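Read through the structure below, which is laid out as structure tokens, and then see the notes.
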Amino acid sequence: MKRTYIYIILIQILLFTKLSCGLIKNNTSNFISENIDFAVKQYEIQTDLIESSGKILNPKTFINGKIIYIPKEEWTSGFFPGSLWYLYELTKDNRWKILATKYTEALDSLKYLTDHHDVGFIIGCSYGNALRLSGNEKYKEVIIQAAKSLSTRFRPTIGVIQSWDVKEGNWQAKQGWECPVIIDNLMNLELLFEATKFSGDSSFYHIAISHADQTMKNHFRPDHSCWHVVDYSLTDGSVRHKQTAQGYSDDSAWARGQAWAIYGYTMCYRETGNRKYLEQAEKAFEFVAKHPNLPKDKIPYWDFNASKIPSEFRDVSSAAIMASALYELSTYGRQKYYKAWADSIMQSLAGNNYRAKLGKNGNFILMHSVGSIPHKSEVDVPLNYADYYFLEALKRKKDLEPN
């Protein structure tokens with residue numbers, strides 16, 4: 001009798017375990033499919049509106065009831081076509097491939113852009129995904145030319161790519177800067193790594209490595225938080241200033257800058273195999289993970305040291321960037337830890353507090369991002385790059401959970 005009772009208990013445990021595993025798998029599958037379905041419906045409204053205009057329009061944000069469309073030279077112009085490519089990858093629906101191709105190729109002339117460092121964002125997110133998903137070999141030449149354009153901003157004396165030009169009367173000049181380099185610039189190095197593969201020209205690779213190394217040397221504090229801007233002397237390469245442009249203060253930790261650092265060094269490790277970059281990404285993330293001002297839902301305030309926490313604005317774009325980076329980071333080390341963090345962020349982003357209602361929010365997926373509070377620009381609004389990294393994170397999550 002006792003033995004029979006034990007068998008019954010064991011069978012119940014096995015059945016419960018099997019059922020629980022099934023529920024977990026189903027919940028994961030439902031999370032991915034439901035968010036893909038929502039993104040498709042929201043972007044159908046977005047693209048139908050644009051297509052009906054008969055124009056090539058590039059949406060960035062939604063302010064005071066109006067969708068803000070941007071010129072192609074604006075630094076975020078690659079994210080909208082990039083999001084369309086991710087929708088194609090997630091759905092295999094040819095509609096998205098056609099639209100993604102159209103809005104990507106509208107950026108062709110930007111391969112010659114030398115006015116700022118963001119040509120990497122613009123071309124990488126659009127043409128980089130286009131090449132990966134379409135196989136169109138002509139896109140390689142666009143990426144190579146864009147890398148040549150970005151390389152014109154390399155300053156050999158310092159070993160970095162200059163982020164912004166300093167011209168008489170502009171706000172960068174008013175800061176007293178000579179050669180400002182921002183942490184965001186790490187993200188453009190992927191373009192150089194790709195161009196090396198396509199062209200065989202190792203100069204792109206060496207520029208990327210030099211920039212990554214100088215940034216690691218000069219942008220990080222002992223606690224592994226990062227300065228937003230490091231200004232260098234064009235004469236001797238020395239550091240002149242360590243400041244912020246979009247953070248709360250020169251000594252604060254701007255949330256999106258920290259996210260760029262995590263993502264950027266994870267990518268550098270992928271492209272080089274050098275563990276110092278992996279370790280830098282991990283350290284930058286640990287600063288976030290252990291910070292007392294990180295909210296329970298893991299969606300950071302726009303700056304970790306902003307003065308009015310917990311009444312400060314959250315920055316959803318920072319969370320989306322980190323989630324995508326952490327999914328990749330999980331493939332290199334401490335898999336369960338990093339993936340669990342990414343999953344937790346994604347659960348929050350997909351919840352009612354941060355994901356828009358269908359047909360609302362200017363037809364963007366996510367709400368509550370922050371562009372630049374010091375410039376009173378794009379505060380608590382949707383942003384196209386928040387959507388882009390959310391879709392990228394969703395794609396990476398799907399790749400890690402093939403069942």
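The values are calculated or read from the model by the stated rules, or taken from the named source; none is laboratory data. This one's a predicted model, so the numbers in the text were calculated from it and none came from an experiment. Here the Cβ positions follow ideal geometry from the backbone for every residue, glycine too, while neighbour counts run over all protein chains shown. Calculation scope for accessible area: heavy atoms of the full protein, side chains included, ligands and nucleic acids excluded. Shrake-Rupley method; radii C 1.70, N 1.55, O 1.52, S 1.80 Å.
Some points to look at:
- Residues that are of a type in the set (F, W, Y), over 13 Å from F364 (Cβ atoms) and out of contact with any Asp or Glu (no Cβ under 6 Å at 6 or more places or on another chain) within region 53-85 comprise just one, W85.
- Filter result (part of a helix (DSSP H, G or I) and modelled with pLDDT under 95) within region 172-216: Q172, A173, K174
Results for (1) touching a residue at least 12 places away in the same chain (Cβ under 8 Å); (2) open to solvent by less than 10 Å² (accessible area, probe 1.4 Å); (3) out of contact with any Leu (no Cβ under 6 Å at 6 or more places or on another chain), shown as yes or no for each residue.
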residue: S149; (1), (2), (3): yes, yes, no
residue: T157; (1), (2), (3): yes, no, yes
residue: I161; (1), (2), (3): yes, yes, yes
residue: W164; (1), (2), (3): yes, no, yes
residue: G169; (1), (2), (3): no, no, yes
residue: G176; (1), (2), (3): yes, no, yes
residue: V181; (1), (2), (3): yes, yes, yes
residue: N185; (1), (2), (3): yes, yes, yes
residue: L192; (1), (2), (3): yes, yes, yes
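- Residue match in region 101-117 (condition: of a type in the set (A, V, I, L, M) and touching a Pro at 6+ places or on another chain (Cβ under 9 Å)): yes
- Hey, R275 modelled with pLDDT of 95 or more, of a type in the set (K, R), within 26 Å of F193 (Cβ to Cβ) and open to solvent by 60 Å² or more (accessible area, probe 1.4 Å) or not: yes
- Any chance R221 is closer than 30 Å to A393 by Cβ and more than 21 Å from the chain's Cα centre (by Cα): yes
- Region 351-403, residues that are open to solvent by 20 Å² or more (accessible area, probe 1.4 Å), closer than 23 Å to C125 by Cα and among the hydrophobic types (A, V, I, L, M, F, W, C): M367, L400
- Pairs are defined by a Cβ separation below 6 Å, a sequence spacing of at least 6 or placement on different chains, a first member in region 231-255 that is open to solvent by less than 30 Å² (accessible area, probe 1.4 Å), and a second member that is basic (K, R); the pairs so defined are D231/R240; S233/R240.
- H224 being out of contact with any strand residue (DSSP E or B) (no Cβ under 7 Å at 6 or more places or on another chain), in contact (Cβ under 8 Å) with a residue 12 or more places away in the chain and open to solvent by 50 Å² or more (accessible area, probe 1.4 Å): yes
To keep it simple, each residue is scored yes or no on (1) surrounded by fewer than 15 Cβ atoms within 10 Å (Cβ to Cβ); (2) among the hydroxyl-bearing types (S, T, Y); (3) in contact with a helix residue (DSSP H, G or I) (Cβ under 8 Å, 6 or more places away or on another chain); (4) free of Cβ contacts under 8 Å to residues at least 24 places away in the same chain.
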{"site": "S29", "(1), (2), (3), (4)": "yes, yes, no, no"}
{"site": "D37", "(1), (2), (3), (4)": "yes, no, no, yes"}
{"site": "I67", "(1), (2), (3), (4)": "no, no, yes, no"}
{"site": "T101", "(1), (2), (3), (4)": "no, yes, yes, no"}
{"site": "S109", "(1), (2), (3), (4)": "yes, yes, no, no"}
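- Every residue from region 112-129 that is over 17 Å from the mean Cα position of the chain (by Cα) and modelled with pLDDT of 95 or more: Y112, L113, T114
- One residue stands out among those in region 250-294 that are assigned to a loop (DSSP other than H, G, I, E, B) and touching a Ser or Thr at 6+ places or on another chain (Cβ under 9 Å): the one that is farthest from H224 (Cα to Cα), which is D250.
- With respect to (1) farther than 21 Å from S348 by Cα; (2) touching a residue at least 24 places away in the same chain (Cβ under 8 Å); (3) open to solvent by 40 Å² or more (accessible area, probe 1.4 Å), the lone exception for K298 is condition (1).
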